[in-house]
Each structure stands twice: as structure tokens, then as C-alpha cells.
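Visitor: The following block contains the structure, expressed as C-alpha cells.
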Amino acid sequence: TYLFSIPLGMEKMKLRRLGGMILALTGALVIVFPPDQNLFNPWMLVAMGAPVSLACGNLSRTLSWPKHGRPAELAAYMLLGAALLTLPVMLLTDQVYFPGPAALLADKALFGLMAVTSVMYIFFFLLQKKAGPVYLSQIGYVIVPMGLLLGYLIFDESYSWSVYAALSLIFIGLILANKQRST
């Protein structure tokens, strides 16, 4: 997002910020591609297209933000749009789901997930409006350590030294990328 925002005039090139972003990205890549395992396959290159797509979305949302658009309204429209886009696929594959009258546990979980997702997207849009697309894009670097922490707490996962080194790179990178110069 940062590299794409510079030619668009949304951000200025700052070496500290660029260096921080590169450190954080390096840390995330070490976690995804551990040095002690050969996990690389051609599909990983395809998967790497996802961050580029997210960057384009972050920038296009900022550039086309409606003048009086409020985060809650935009989140509602986005989720409604996503639901309408999935409806034809559900109909074509005969996978339409309607909650039953007895409200099974799965139904309750589904409604809980819908509520959490709705609130999350309101905060997502609020963060983008207040802080901009580049700051918002760094949320992925926060999600990685949180996922590892949950894996440790819930599933008793253990990690190699390279993961802890990579987490250090992520944290140092985030600090450098977001540290404001005091004058």
C-alpha cells in the first residue's frame, strides 16, 4: 500500500518508513516461509497476489470515499454487496442456508459471527478514514502475532527460534514505520 500510495501523491517517500515496512514484511515472510522447511510451491506465488489486491482496495477506497460517507454505512453496504455477490453462487450450487426454527448451535454461531464481522468492518472503515490506507494496511502485521499467540494459548503450539526472530522484525518494523519525527 505504501509503495503504491507514493506515485498517487497520498504519501511521501520516507526512508525510515520504507525501512520499517521492509523489516515487518521480512518478518512476516520468515513466518510464512520458515527457513527450516521447504514449503514453497507455485501456489504460494498466487497467494502473494492477495496482499497486492488488498493494497489496491485500500487505496481505491480512500480515493473514492464518498464525501459524507460514514464508516457504519459503508460497512453495511459492503457486507450487503458481498452477500448479493454470493447469492448466485449459493443458488447455482444448491447451498442456500436458512436457519432452522430451533436455532441450533451452528445458527447461533453464525449469527454471532455475523455480529462480530459487522462490528469489525465498522472499525475497519473508521480506522481507514481516520488514519489512512497505509496505516490500515499494517493491520496484517498485527494479525500475525495475534494468530501465533492464540495458537500458543488455545492449541499449545510451540514455535522455532526463527518465528521469535521474525516477530522481533515485525515489531521493530512497525515502530520504525510509524514513529513520528519529533522536531
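The values are calculated or read from the model by the stated rules, or taken from the named source; none is laboratory data. Quick caveat: nothing in here was measured; it's all calculated off a predicted structure. Please note: Cβ atoms are built from the backbone with ideal geometry, for glycine as well, and neighbour counts cover all protein chains shown. For accessibility, only protein heavy atoms count, side chains too; no ligands or nucleic acids. Shrake-Rupley method; radii C 1.70, N 1.55, O 1.52, S 1.80 Å.
Visitor: Looking at ILE170, ILE139, which one is in contact with a helix residue (DSSP H, G or I) (Cβ under 8 Å, 6 or more places away or on another chain), under 19 Å from PRO51 (Cα atoms) and at pLDDT 95 or above?
Guide: ILE170
Visitor: If only one of LEU87, LEU127 is of a type in the set (A, V, I, L, M), within 25 Å of the chain's Cα centre (by Cα), part of a helix (DSSP H, G or I) and within 29 Å of ILE6 (Cβ to Cβ), which one is it?
Guide: One residue alone meets the criteria, LEU127.
Conditions (1) open to solvent by 70 Å² or more (accessible area, probe 1.4 Å); (2) basic (Lys, Arg); (3) over 19 Å from the mean Cα position of the chain (by Cα), marked per residue:
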| position | (1), (2), (3) |
| --- | --- |
| TYR2 | no, no, no |
| TRP43 | yes, no, yes |
| VAL46 | yes, no, no |
| ALA55 | no, no, no |
| SER60 | no, no, no |
| SER64 | yes, no, yes |
| VAL96 | no, no, yes |
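Visitor: Where residues in the range 158-183 are open to solvent by 70 Å² or more (accessible area, probe 1.4 Å) and among the polar types (S, T, N, Q), which of them is nearest to GLN37 (Cα to Cα)?
Guide: My answer is SER158.
Visitor: Working only within the range 137-157, note down all residues that are in contact with a Phe, Trp or Tyr (Cβ under 9 Å, 6 or more places away or on another chain), open to solvent by less than 70 Å² (accessible area, probe 1.4 Å) and without any contact (Cβ under 8 Å) to a residue 12 or more places away in the chain.
Guide: Within the range 137-157, just GLY151 meets the criteria.
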